[in-house]
Amino acid sequence: MASFLVLYGTGEGQTAKVAERVRDALVGRGHDATAVDAADSESVDVGAFDAAIVGASVHRGTHQSSVRSFLENNREALSVRPTAFFQVSLSSATSDGRERAAGYVDELLDSTGWNPDRIGLFGGALRYSEYGFIERLVMRRIAKRELPDADTAGDTEFTDWATVDDFAA
């Protein structure tokens, strides 16, 4: 079986949950899979893996700088093996936001010169319990505008886990 690197950048933890789900699905299929937070990726040797899956979340229209740096620094190693990218964002949780979500992916790939073989877009989560006062107010306002049916009273998850499982398969 193959060895997979599942590297991710996360803000409040939803992308880490998705990465762990992908890793667990790969292990369940008999593969060796290692999940690594991009913030801790300085010593990761992409060449030690048969394939790589990279995930990032979007905050304020940008991905984690640690993911961007990883892609720039490992572009050559990634280009000679099967790769995939997944993005976690609130934009992906709505049909109106999917074009915006795809634009975030396009910008990242254009700026890093990386071309993954497969791309997945997954809805994120609102983690009001992790936000400061101002960010909580801003995020509630955005949620009411973009996700009018969403419960803004507490933390809410928008990830479609069946779609994540299909991506991992």
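Between Gln64 and Ser57, the built amide H atoms are under 5 Å apart, and every one of these is 5 or more places off in sequence or on another chain. Set against the 2.2 N^0.38 Å expectation for a compact globular protein, the range 79-120 has a Cα radius of gyration ratio of 1.22. The convex hull defined by the C-alpha atoms of the range 81-169 has an orientation-averaged projected area of 6.9 nm². Take 115-124, 28-37 and order them by the average number of nearby Cβ atoms within 10 Å per residue, most first; the result is 115-124, 28-37.
The accessible surface of the chain, taken with every protein chain in place and a 1.4 Å probe, is 46 percent carbon and sulfur.
For the range 9-65, just say rounded, prolate or oblate: build the C-alpha gyration tensor, square-root its eigenvalues into a ≥ b ≥ c, call rounded for a/c under 1.5, and beyond that prolate if a/b exceeds b/c, oblate if not. Here the range 9-65 falls in the oblate category. Gain on full extension, evaluated as 0.36 nm per residue between Lys144 and Ser43 minus their Cα-Cα distance, stands at 32.2 nm. Taking every DSSP helix (H) stretch of at least 4 residues in the chain, weighting each as -39,500 (n - 2.57) and dividing the sum by the residue count yields a mean residue ellipticity at 222 nm of -12000 deg cm²/dmol.
Its residue count N fixes a reference of 2.2 N^0.38 Å for the range 51-118, and the Cα radius of gyration divided by that reference is 1.08.
Report, in whole Å, the centroid distance computed from the Cα atoms of the range 75-149 and the range 1-67. The distance from the Cα centre of the range 75-149 to that of the range 1-67 comes to 15 Å.
Note on the range 1-123: dipole from Cβ charges, positive end direction compared against Thr112, Ala102, Gly123; the farthest Cα belongs to Gly123. When peptides 47-58, 92-103 are sorted by average Cβ neighbour count within 10 Å, with the highest value leading, the order is 47-58, 92-103. Per-residue 3J(HN,Hα) values for the range 117-129, derived from phi via the Karplus relation 6.51 cos²θ - 1.76 cosθ + 1.60 with θ = phi - 60°, read 6, 9, 10, x, 10, 10, x, x, 8, 9, 10, 3, 5 Hz in sequence order (x marks Gly and Pro). Accessible area per residue for the range 96-145, computed on protein heavy atoms with a 1.4 Å probe, is 60 Å². Taking max minus min of the alpha-carbon positions on each principal axis, the chain gives extents of 44, 33, 27 Å, largest first. Descending by average beta-carbon neighbour count within 10 Å, the peptides 83-91, 138-146, 6-14 line up as 83-91, 6-14, 138-146, the highest first. Charge dipole (Cα centre; +1 on Lys/Arg Cβ, -1 on Asp/Glu Cβ; no other charges) of the range 61-169 amounts to roughly 280 debye.
The values are calculated or read from the model by the stated rules, or taken from the named source; none is laboratory data. Everything numeric in this text was worked out from a predicted model, so none of it was measured. We place every Cβ from the backbone using ideal geometry, glycine too, and count neighbours over all the protein chains shown. All accessible areas refer to the heavy atoms of the entire protein, side chains included, with ligands and DNA or RNA removed. Shrake-Rupley method; radii C 1.70, N 1.55, O 1.52, S 1.80 Å.
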